[in-house]
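Step one of this worksheet: look at the structure below.
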Amino acid sequence: MKSIEEYVTTIPDFPEKGIMFRDVTTVIKDPDGYQMAVEEMQKKLEGEEFDVIVAPESRGYFFASPIACNLHKPLIPIRKKGKLPRETVSASYDLEYGQEEIEMHKDDLVPGQKVVIIDDLIATGGTVEAMIGLVESLGGIVVDNVFLMELMGLNARDRLSDYKVQSVIQYPGK
C-alpha cells in the first residue's frame, strides 16, 4: 500500500523558480489516495469537541465535505468576495502578488460555537489567519485547524501560535 505522500505530485519551479509546488489533484483523483487523505485528516479530530467545520473554496471543500458528512457536522463555506447571496462578513489578507478578500454568511455561526477549519495546505498562514478572523468576528471559537499538507519553511505555526494547527504531511522548505 502506498503512503499518502506518494499520492502528492511535486512540480519543481512552479509557479516560479525555487518553489516546489505540491499538487493535491493527484491525491483526489485516486480513490485510494483520496480516501486515505480524508481518513488521516479525520483522525486528527478524534477526541476534539466541536460544532461546525469551516472550509475555504475550493480545495478545502475536497476534504472538509467528506469529513463533515462522516462526522455528521455542518459545513460552512468561506468564499471569495461576491460569491455568497446573503449578508456577509469579510476579511482581506495579503498574497505574494496582491491581496485577496474572503467572505462568509453573517448568520452561519452562532456565538460560542466551536469551529474546526479544514483546508488542503497551510503555507504562510495568511489565509487561515483571515478565516480565523471571520469566525471570531461572528463569535465562533476556533478549536483546531487541520490540513493535508504543511510547508514548514514558511513558518505558519509561528504566525498562528495561539491556535492548534495539525497537518498530515509536513514538507521542509517552501
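What follows draws every value from the coordinates through simple rules; no lab data is involved. Given the structure is predicted, the values throughout are model-derived calculations rather than measurements. Note that each Cβ is placed from the backbone with ideal geometry, even for glycine, and that neighbours are counted across all protein chains shown.
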* Proximal lysines to K80, defined as alpha-carbon separation beneath 22 angstrom and excluding residues fewer than eight positions away on the same chain -> K106
* Can you work out D for the range 34-150 in µm² s⁻¹ from Stokes-Einstein, where Rh is the Kirkwood radius over C-alpha pairs, the temperature is 37 °C and the viscosity is 0.692 mPa s? -> 231 µm²/s
* Return the single residue from K81, K44, K17 with maximal mean-square fluctuation; model: Gaussian network over the chain, springs between Cα atoms under 10 Å. => K17
* Set of lysines with alpha-carbon distance to K43 below 22 Å, sequence-local pairs under 8 removed -> K2, K29, K73, K114, K164
* Asked: For the chain, with the dipole built from +1 on Lys and Arg beta-carbon atoms and -1 on Asp and Glu ones, taken about the Cα centre, which of G125, M149, A68 lies farthest toward the positive end?
  -> A68
* To do: First check a/c for the range 16-93, with a ≥ b ≥ c the square roots of the eigenvalues of its C-alpha gyration tensor; if it is under 1.5, answer rounded, and if not, answer prolate when a/b is larger than b/c or oblate otherwise.
  => oblate
* To do: Choose one answer from D13, D23, D32: the residue with the largest mean-square fluctuation in a GNM of the chain with alpha-carbon springs under 10 Å.
  => D13
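In debye to the nearest 20, how big a dipole does the range 18-159 give about its Cα centre with +1 on each Lys and Arg Cβ and -1 on each Asp and Glu Cβ? Please list the in-between numbers first.
Values: 15 positive and 25 negative charges, 53 e Å.
That gives a dipole near 260 debye.
In deg cm²/dmol, rounded to 500, what helix-only [θ] at 222 nm does the chain give when every DSSP H run of at least 4 residues adds -39500 (n - 2.57) and the total is split over its residues? Walk me through the intermediate numbers first.
Working: 5 runs with 46 residues, N = 174.
After summing the helix terms and dividing by the residues of the chain, the value is -7500 deg cm²/dmol.
If you put +1 on each Lys and Arg Cβ and -1 on each Asp and Glu Cβ, how big is the dipole of the range 65-123 around its Cα centre, in Debye rounded to 20? The partial results should precede the final answer.
On the way: 8 positive and 10 negative charges, 66 e Å.
Once rounded to the nearest 20, the dipole reads 320 debye.
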